[in-house]
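Remarks on the structure that follows.
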Amino acid sequence: MSGERNPLAAIGPAAPGRRGAPGDRLLFKTFFYSFAGFLILFSAYLFLANLDQLFVTEAAVRSREPALWEENRKVLTSFAGGFWQDPYFWKSLNLTLMITLITTLLASAIGIPAAYGLSRYRIPGKAVIEVLFSSILVIPASSVALCLIVMFNYGPLWDLQQRWGFRFAHSLFPGMVIASFVLSFALGLSAWKAAFDSVNPRFEQVARSLGSSRWRAFRTVSLPMAKSGLAAGVILAWTRAMAEFSAVLFFCGTFGELPPERFSTLERALRIDQADWLSVAIWAQIEYGNVEYGFALAYILVLIGGLSVYAMHRIGAKGYIW
Amino acid sequence: MIEIRNLSGTVGEFCLQNINLSVRDGEYLVLLGPTGAGKTVLIEYLVGIYRQQEGAILVDGEDVTPLYTEERHIAYVPQDYALFPNLNVSRNIAYGLEARRFPRAEISRITEQMLESLGIGHLRHRMPLNLSGGEKQRVALGRALATRPRLVLLDEPLSALDENLRTQMSRELRDLQQSNRATFVHVCHNFEEASAVADRIAIMDNGCLVQVGTLEQVKAQPRNEFVARFLKTQNLFPAVADGATVRIHGIQLEKKSTIRGERVMAIRPENIRIHPDTESGRPNLFRGVILEAVPRPHFMEYIVDIGLKLAVFHIGERRYRVGDSLGIELPQEHIALVERA
């Protein structure tokens with residue numbers, strides 16, 4: 001079959017690429033920039049509305065809240081509560097990134113193979129598993145945390161902890177990981193499963209008929225084809241873990257007043273001897289009356305979340321034209 | 001040589017019953033049947049996507065039933081070709097060679113050879129999304145043939161193509177199969193498509209293999225009314241045979257056979273002869289009146305009333321009009337008596 005005998009080469013224009021539709025991109029950009037604009041304006045309004053705070057004298061502050069404004073809290077009278085000068089903020093950020101990273105890695109390591117299994121195989125109780133993890137997404141996180149408390153404080157898991165001389169609930173490091181893991185895993189799992197569902201199993205069957213083992217077919221065909229969805233799932237799991245508030249608060253408690261002996265040597269070495277992570281720190285600062293400080297932290301979380309969602313959209317919209 | 005022995009199994013709502021079929025080396029066999037007949041399920045059993053409940057699949061005498069898909073060395077080209085969208089044309093063709101750990105130099109040589117023989121050398125760096133239907137099919141065939149499999153399974157390979165391209169690609173499929181001396185099993189539900197490529201056809205219905213043979217054999221002697229209808233034998237009438245004659249609605253035809261009793265009489269429209277005048281002495285010659293005349297691309301189709309309404313295809317310069325009276329001969333050798341479906 002020579003080139004001359006194959007006039008098909010000239011038939012038909014090249015198929016259009018599978019980039020995101022222009023309408024979708026416009027809609028997303030409109031939403032993204034409106035949202036960002038609203039945040040900027042709203043934060044400006046808050047700063048301006050509380051402008052008088054910038055001029056409060058230290059003496060006045062001391063007289064109003066003498067106990068609270070002791071020690072290193074002088075900076076709180078500066079712009080946005082001077083959060084960047086406060087070790088409390090950096091330890092919160094450190095804790096947030098540390099726990100979120102561990103949670104995301106753990107959720108991905110377990111969730112991606114689990115999602116593949118749920119997508120490709122007939123597993124007994126598959127519907128129950130799917131309903132369970134979908135339910136976690138729609139019920140309040142505080143309810144999830146209460147379920148976790150009951151699960152870890154009674155029954156076989158409690159006995160196991162007693163034997164090890166350890167407690168998951170109301171502990172800092174494993175407690176926070178568990179609370180954020182459950183929610184980020186549930187969200188990640190649904191995204192990863194959708195990513196594998198979108199890849200027709202026929203591709204793997206063809207790959208295997210050409211001599212690939214099951215693992216090679218997965219590695220060379222399904223995984224690259226699902227990679228955008230998988231990456232989007234990782235980002236979703238990351239943002240969900242980072243944004244978690246009530247589950248962590250319920251399962252791990254409020255940590256503002258934890259004595260130093262509650263922190264392990266490892267935790268102290270990793271400089272996470274500060275128990276409030278960012279979402280809890282926002283609440284703590286608002287409770288203390290530091291509205292600007294709290295708002296600045298919220299703004300940072302919103303910024304990280306917004307950028308993550310934007311990155312997810314960019315990755316998710318990527319086609320196979322390269 | 002591929003042999004399927006007493007294969008039975010159920011996949012979802014599809015159930016295959018006692019399939020026995022053999023495919024010779026270098027043969028082009030078409031599995032033909034209506035939608036839902038079980039053709040695709042049968043090739044999925046062959047490729048190893050599903051395991052049959054009963055029976056065996058033998059390739060060159062070796063029972064491949066317990067083998068995994070990758071161990072069977074049977075290439076599979078699905079309906080949508082399933083080109084890997086993350087690999088370019090060249091890498092798609094080389095995929096099977098890499099999977100089977102061919103030496104690198106050998107992979108390059110065979111891939112180049114395939115690209116050239118398929119006339120798609122200029123597409124080597126293109127991604128599958130940027131290919132037309134015909135180009136996709138060539139890449140899929142190249143990928144399947146590159147490793148020289150023992151059998152190539154094609155699941156409705158022409159169904160995604162337009163009419164003109166289908167004719168051309170069917171010719172190319174046949175050329176490719178012969179030049180590679182490969183064994184092809186091609187699934188389709190289109191009689192014309194099958195007739196363009198097949199050495200033999202195997203007709204399936206409702207999970208059963210109904211008839212296997214060359215196209216001429218099956219057309220001349222369909223096993224039952226279903227096969228006759230599926231192969232577009234339009235003239236089918238309930239009949240009673242007595243070994244020497246066949247009676248249909250009071251009309252008597254000469255037909256010597258060993259068959260006796262109630263059957264369906266089948267005769268293909270292209271096998272009915274038209275005589276301008278009724279000649280005496282010819283058996284099975286009747287006077288008929290043309291009821292309809294429909295021009296087709298290469299012949300005229302007439303509906304003629306001889307006491308039965310018959311469809312007749314006529315190739316020739318002479319044209320008849322509605323109302324014309326002429327002689328209609330039903331040659332005895334083209335009359336088939338088949339079982340009711």
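The values are calculated or read from the model by the stated rules, or taken from the named source; none is laboratory data. All of these numbers come straight from a predicted model, not from anything done at the bench. Neighbour counts run over all protein chains shown; Cβ positions are idealised from the backbone, glycine included.
Couple of notes before you dig in:
- You will find that of A:198, A:222, A:246, the residue that is within 11 Å of chain B (Cβ to nearest Cβ) and of a type in the set (Gly, Ala, Ser) is A:222 and no other.
- Condition check for residue B:225: crowded, with 18+ Cβ neighbours inside 10 Å, of a type in the set (Asp, Glu) and touching a Ser or Thr at 6+ places or on another chain (Cβ under 8 Å): no
- Annotation for the stretch B:281-302: no member residue is closer than 29 Å to residue B:20 by Cα and surrounded by fewer than 18 Cβ atoms within 10 Å (Cβ to Cβ).
- Some residue of the stretch B:192-204 being among the charged types (D, E, K, R), within 23 Å of residue B:2 (Cβ to Cβ) and either within 11 Å of chain A (Cβ to nearest Cβ) or out of contact with any Phe, Trp or Tyr (no Cβ under 9 Å at 6 or more places or on another chain) (or both): yes
- Flag set for residue B:29, criterion: in a strand (DSSP E or B), under 13 Å from the mean Cα position of the chain (by Cα) and not β-branched (Val, Ile, Thr).
- Some residue of the stretch B:68-83 being at the interface with chain A (Cβ under 10 Å from one of its Cβ atoms), of a type outside the set (Asp, Glu), farther than 23 Å from residue B:40 by Cα and not in a loop (DSSP other than H, G, I, E, B): no
- Selection within the stretch B:236-266 - acidic (Asp, Glu) and within 15 Å of residue B:330 (Cα to Cα): B:254
- Any pair with Cβ under 9 angstrom, 6 or more apart, that starts in the stretch A:124-143 at a residue that is within 12 Å of residue A:189 (Cβ to Cβ) and ends at one that is of a type in the set (Phe, Trp, Tyr): A:133/A:185; A:136/A:185
- Residue, farthest from the other protein chains (Cβ to nearest Cβ), within the stretch B:98-123, restricted to residues that are surrounded by fewer than 20 Cβ atoms within 10 Å (Cβ to Cβ) and in contact with a Lys or Arg (Cβ under 9 Å, 6 or more places away or on another chain): B:112
- Search result, residues across the stretch B:46-71 that are without any contact (Cβ under 8 Å) to a residue 40 or more places away in the chain and either surrounded by fewer than 24 Cβ atoms within 10 Å (Cβ to Cβ) or of a type in the set (Asp, Glu) (or both): B:48, B:49, B:62, B:63, B:64, B:65, B:66, B:67, B:68, B:70, B:71
- Residue count for the stretch B:303-341, restricted to those that are exposed (fewer than 12 other Cβ atoms within 10 Å of the Cβ) and on the phi > 0 side of the Ramachandran plot: 2.
- Cross-chain or 6+ apart pairs with Cβ under 8 Å, the stretch B:157-179 first and of a type in the set (S, T, N, Q), then part of a helix (DSSP H, G or I): B:167/B:196; B:168/A:8; B:168/B:134; B:170/B:193; B:170/B:196; B:170/B:197; B:177/B:197; B:179/B:117
- Filter result for residue B:94 (at pLDDT 90 or above, part of a helix (DSSP H, G or I) and in contact with a strand residue (DSSP E or B) (Cβ under 6 Å, 6 or more places away or on another chain)): no
- The stretch B:34-58: number of residues that are of a type in the set (A, V, I, L, M, F, W, C) and in contact with an Asp or Glu (Cβ under 8 Å, 6 or more places away or on another chain): 5
- Hits in the stretch B:236-265 (condition: under 18 Å from residue B:310 (Cβ atoms) and either of a type in the set (A, V, I, L, M, F, W, C) or part of a loop (DSSP other than H, G, I, E, B) (or both)): B:236, B:237, B:239, B:246, B:248, B:249, B:250, B:251, B:253, B:255, B:264, B:265
- Candidate set: the stretch B:157-187, residues that are facing chain A (nearest Cβ under 10 Å) and of a type in the set (D, E, K, R); chosen: the one farthest from residue B:200 (Cα to Cα): B:162
For every residue, the table says whether it meets (1) more than 20 Å from residue B:198 (Cα to Cα); (2) more than 10 Å from every other protein chain (Cβ to nearest Cβ); (3) among the β-branched types (Val, Ile, Thr).
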residue	(1), (2), (3)
B:129	yes, no, no
B:132	yes, no, no
B:139	yes, yes, yes
B:146	yes, no, no
B:149	no, no, no
B:155	no, no, no
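- Hey, residue B:50 hydroxyl-bearing (Ser, Thr, Tyr), part of a strand (DSSP E or B) and either within 14 Å of chain A (Cβ to nearest Cβ) or closer than 26 Å to residue A:211 by Cβ (or both) or not: no
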